[in-house]
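K.L.:
After the structure tokens below, expect a handful of questions from me.
The values are calculated or read from the model by the stated rules, or taken from the named source; none is laboratory data. Predicted, not measured: the structure shown is a model, and the values here were computed from it. Here the Cβ positions follow ideal geometry from the backbone for every residue, glycine too, while neighbour counts run over all protein chains shown.
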Amino acid sequence: MFGPEDEKSFVENTFTLTMETPETMPDLNTEPSHFWKYEEDKTLKEIRDYLSGTYRSHYTSQESKTQTLDLIESIGDAEPFTRSNAIKYLSRFGKKNGKSKLDILKAIHYCILLYHFSGMHKESSSYPR
């Protein structure tokens, strides 16, 4: 049986969650105002605000910080799960409740999670400057 001690061990040995608070997050407005042609700075702030709010509403208890996605990851399905959910929210944009900002924010969230679970953080990147 998977009990509270097993869950604690699973959580401690499987992942470490580090959340930045609004006070410790970098300022997205450090570039000159003319830098962002399509208001990407405003969009990134909205995404950050949305993501911060999701951590207060996940299905966890006070004793455990384990989320359903952690369990999905433990069986090796996090990458396809996050990809499928990103597709779901993008495909329903404009069809359910009109053009819902929330659908796009959820799709972006799942894309960020897909980036994480597919190992993109571990790869070095060189972007055009």
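K.L.:
Can you pull out every residue in the range 37-64 that is part of a loop (DSSP other than H, G, I, E, B) and at pLDDT 85 or above?
P.N.:
Within the range 37-64, 37, 38, 39 qualify.
Yes or no, residue by residue, for (1) touching a helix residue (DSSP H, G or I) at 6+ places or on another chain (Cβ under 9 Å); (2) more than 19 Å from residue 57 (Cβ to Cβ); (3) buried (at least 18 other Cβ atoms within 10 Å of the Cβ):
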{"residue": "72", "(1), (2), (3)": "yes, no, no"}
{"residue": "79", "(1), (2), (3)": "yes, yes, no"}
{"residue": "83", "(1), (2), (3)": "yes, yes, no"}
{"residue": "99", "(1), (2), (3)": "no, yes, no"}
{"residue": "114", "(1), (2), (3)": "yes, yes, yes"}
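K.L.:
When the range 73-116 is examined, which residues are found to be farther than 18 Å from residue 54 by Cα and hydrophobic (A, V, I, L, M, F, W, C)?
P.N.:
Once the filter is applied, which keeps residues that are farther than 18 Å from residue 54 by Cα and hydrophobic (A, V, I, L, M, F, W, C), the range 73-116 yields 75, 87, 90, 93.
K.L.:
Of all residues in the range 79-129, how many are among the polar types (S, T, N, Q) and part of a helix (DSSP H, G or I)?
P.N.:
4
K.L.:
If you take the residues in the range 65-74 that are assigned to a helix (DSSP H, G or I) and within 20 Å of residue 106 (Cα to Cα), which one is modelled with the lowest pLDDT?
P.N.:
Checked the range 65-74; the qualifying residue modelled with the lowest pLDDT is 68.
K.L.:
Would you confirm, using the coordinates I've provided, whether residue 127 is on the phi < 0 side of the Ramachandran plot and either modelled with pLDDT of 95 or more or surrounded by 15 or more Cβ atoms within 10 Å (Cβ to Cβ) (or both)?
P.N.:
Considered against the rule, which asks whether it is on the phi < 0 side of the Ramachandran plot and either modelled with pLDDT of 95 or more or surrounded by 15 or more Cβ atoms within 10 Å (Cβ to Cβ) (or both), residue 127 comes out as no.
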